[in-house]
Every structure is written in structure tokens, then in C-alpha cells.
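Some notes on the structure that comes next.
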């Protein structure tokens with residue numbers, strides 16, 4: 001049983017999309033202390049500005065590639081939530097060096113610091129990209145293919161490193177393979193913006209969203225509140241069989257990219273009727289893209305008692321209102 005009044009957590013990438021939602025959760029529970037580490041390369045200060053000044057919240061502008069910073073922020077920490085990473089398959093193909101430096105070297109720095117400071121459990125953001133060229137659907141944790149991008153490779157290496165640190169140093173870990181997370185605060189301005197904020201931004205600007213390929217590729221879109229819930233379940237679990245494991249973090253539903261664009265267009269049309277007339281444009285398929293992604297969440301149900309509360313349409317209704325006001 002986790003006693004929030006006595007618990008200190010570190011959230012790397014805490015000013016990012018998912019990390020800031022985790023910060024909000026712990027603030028709502030009056031946890032003893034939150035250390036939020038972020039170098040603001042992709043995270044944004046505005047995501048946590050409402051938390052700065054709170055007695056139990058501390059923001060540190062630092063980089064996980066700096067081992068001394070990692071050691072500093074892990075002091076007296078009970079649980080590490082490692083969200084910091086350089087995402088995007090296209091970015092990793094353009095700049096594999098930096099992706100590896102952040103996602104592999106930075107991850108190793110955090111494992112070493114967690115070990116050295118006797119952290120109780122290391123919970124980290126893994127990725128569905130690890131399934132690579134596996135054509136098996138739904139995706140089952142124990143059956144992966146070969147990585148299709150530098151980004152995917154780094155996320156798989158993270159899982160292997162966590163296992164080695166558990167076996168050799170006794171560091172408890174749980175890795176969460178995120179499947180296409182979406183929600184409030186997700187960046188729509190980046191060159192590598194995720195598909196949902198990208199489509200929403202285009203429609204709201206009366207521009208055509210662009211689909212790579214014919215729209216038949218499909219994903220298991222997962223609302224951010226489901227992801228927060230999985231992180232908390234991973235922290236609270238006392239079942240020995242649930243620890244030192246990798247879990248799919250998803251809904252167990254599959255939506256094609258064309259279906260997704262259609263749903264977004266339909267929901268935003270209720271806000272602005274002119275959106276109904278905006279056509280959807282198609283272009284060539286991107287390198288490194290996985291055709292289909294659908295998660296089995298049976299393992300998470302069995303060991304973590306996970307049950308996603310938000311399916312795609314319910315999640316979109318929440319976040320599209322935010323996009324309307326903030327994009």
C-alpha cells in the first residue's frame with residue numbers, strides 16, 4: 001500500500017505531454033514530494049506552470065544525458081516514472097545519433113542513479129514500436145519482431161537494460177509499452193506532431209489533414225488518462241508476479257487512420273459547421289511506419305487489474321475541446 005503522505009516520486013520528462021498529467025495526478029493526491037525533471041527540449045513550461053510554487057512540487061531544468069543530474073534528482077526518491085525520451089520514428093531516421101543518446105544513454109543514466117539511490121521501483125515508458133515487423137495481431141508482450149527504426153531499437157534496448165538491472169542489481173521495474181497515446185497538451189506545432197493533434201489543428205485552421213498512405217493503416221489509440229492509470233497501477237502493485245514485467249498500455253481497440261480523421265472531422269463539425277466541407281488529402285506512406293497496431297491488454301488485466309475507462313470517441317470528446325481552445 002502506497003502512503004502518498006510519505007512518498008517521493010521523480011517524473012522525468014515531467015513537463016511533457018504524459019509527464020505533466022502524471023504530475024497533476026500526484027498533486028491531486030497530496031503526495032509528499034514530486035521532482036519534475038525536464039530539459040524543455042520537447043516538454044513545455046506551460047504544461048506545469050500551474051504547479052510551480054506548490055510546496056510539494058519541484059521543477060528541475062536538467063538533462064538525463066548528464067549522469068550527475070540523474071544522481072541528484074534520484075536522492076530520497078521512492079518511485080521513478082521515466083517518461084523522458086526523444087520520440088518520433090521520422091526524427092530518429094533523420095538523426096539516429098541524438099535519438100540514441102537521449103533514449104539509450106539517458107535511460108542507462110537513470111537506471112544507474114535509481115540503483116545507486118535505492119529507488120523502490122523504476123516505471124518507464126516503453127513503446128509499441130518495439131513490435132517492429134511482427135504481423136501478429138493483437139500484439140502480445142512476449143512476441144515481438146525486428147525494430148523498423150532507430151527509435152524502436154532504442155526503446156527495445158531500454159527493456160533489455162531494465163531486465164539486466166533487475167537480475168544483477170535487484171532494481172524493480174515495470175515497463176509500459178505505450179500505444180499511440182493522445183490527449184490534452186499533446187503538441188500540434190512540432191514537425192513530428194502526433195496524428196491526432198495534427199489532424200485537429202488542420203481542421204480547426206480550415207486546412208486539409210494529410211494522411212500518409214491510403215488511410216488503411218490502423219492504430220490502438222489510447223487516451224492519456226488510461227496511461228496515467230497504468231502508471232499508478234504499476235506503482236501500487238504488490239503482486240510479485242506483476243513486477244519486472246513489460247505491459248501493453250492501450251485500449252485493445254483498432255482504428256484506421258481514415259476512420260480517425262473521419263471521427264475528428266465529425267466531432268469538430270459540431271463546433272464549426274464549415275469543417276464538414278474540408279477534404280482529406282492522401283500522400284505516400286512514411287518509412288518505418290508499422291501498418292497495423294492492436295494491443296492485447298490481457299496481461300495488464302490479469303496482473304495489474306487494468307481496465308481502460310476511455311475508448312477513442314470518449315477520449316476525443318475531452319481532448320478536442322481542449323484543442324479548440326488551445327491550438
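The values are calculated or read from the model by the stated rules, or taken from the named source; none is laboratory data. Here the structure is a predicted model, which is why all the values come from computation and not from measurement. All Cβ positions, even for glycine, are placed from backbone atoms using ideal geometry, and neighbour counts span all protein chains on display.
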With the condition kept exactly as written, say whether any residue in region 304-312 is at pLDDT 95 or above, under 28 Å from residue 150 (Cα atoms), over 16 Å from the mean Cα position of the chain (by Cα) and not in a loop (DSSP other than H, G, I, E, B). no
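Would you say residue 247 is in contact (Cβ under 8 Å) with a residue 24 or more places away in the chain, surrounded by 15 or more Cβ atoms within 10 Å (Cβ to Cβ) and in contact with a helix residue (DSSP H, G or I) (Cβ under 6 Å, 6 or more places away or on another chain)?
yes
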Filter region 201-246 down to the residues that are closer than 21 Å to residue 321 by Cα and not in a helix (DSSP H, G or I) and list them by number. 205, 206, 207, 208, 209, 221, 222, 223
Residue 148 in contact (Cβ under 8 Å) with a residue 24 or more places away in the chain, part of a loop (DSSP other than H, G, I, E, B), touching a helix residue (DSSP H, G or I) at 6+ places or on another chain (Cβ under 9 Å) and surrounded by fewer than 23 Cβ atoms within 10 Å (Cβ to Cβ): yes
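Mind listing just one residue for me: the one in region 121-133 that is surrounded by 15 or more Cβ atoms within 10 Å (Cβ to Cβ) and outside any helix (DSSP H, G or I) and, of those, nearest to the chain's Cα centre (by Cα)? Can you show your working first?
So the first thing to find is which residues in region 121-133 are surrounded by 15 or more Cβ atoms within 10 Å (Cβ to Cβ), and the list is 121-132.
Filter again for outside any helix (DSSP H, G or I), leaving 121-127, 132.
Numbers: 121: 18, 122: 15, 123: 12, 124: 9, 125: 6, 126: 8, 127: 8, 132: 17 Å.
Only one residue fits best here, namely 125.
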Residue ranges of helices (runs of 4 or more DSSP H) in region 4-120 with at least 1 members buried (at least 16 other Cβ atoms within 10 Å of the Cβ) and under 17 Å from the mean Cα position of the chain (by Cα): 17-28, 89-94, 96-100, 106-116
Matching option when the condition is touching a residue at least 60 places away in the same chain (Cβ under 8 Å), touching a strand residue (DSSP E or B) at 6+ places or on another chain (Cβ under 7 Å) and farther than 26 Å from residue 198 by Cβ, among 10, 51: 10
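Conditions (1) under 19 Å from the mean Cα position of the chain (by Cα); (2) buried (at least 20 other Cβ atoms within 10 Å of the Cβ); (3) within 21 Å of residue 131 (Cα to Cα), marked per residue:
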{"position": "218", "(1), (2), (3)": "yes, yes, yes"}
{"position": "232", "(1), (2), (3)": "yes, no, no"}
{"position": "240", "(1), (2), (3)": "no, no, no"}
{"position": "251", "(1), (2), (3)": "yes, yes, yes"}
{"position": "261", "(1), (2), (3)": "no, yes, no"}
{"position": "273", "(1), (2), (3)": "no, no, no"}
Hey, can you tell me all the residues within region 151-200 that are touching a strand residue (DSSP E or B) at 6+ places or on another chain (Cβ under 6 Å), part of a helix (DSSP H, G or I) and buried (at least 22 other Cβ atoms within 10 Å of the Cβ)? 155, 162, 196
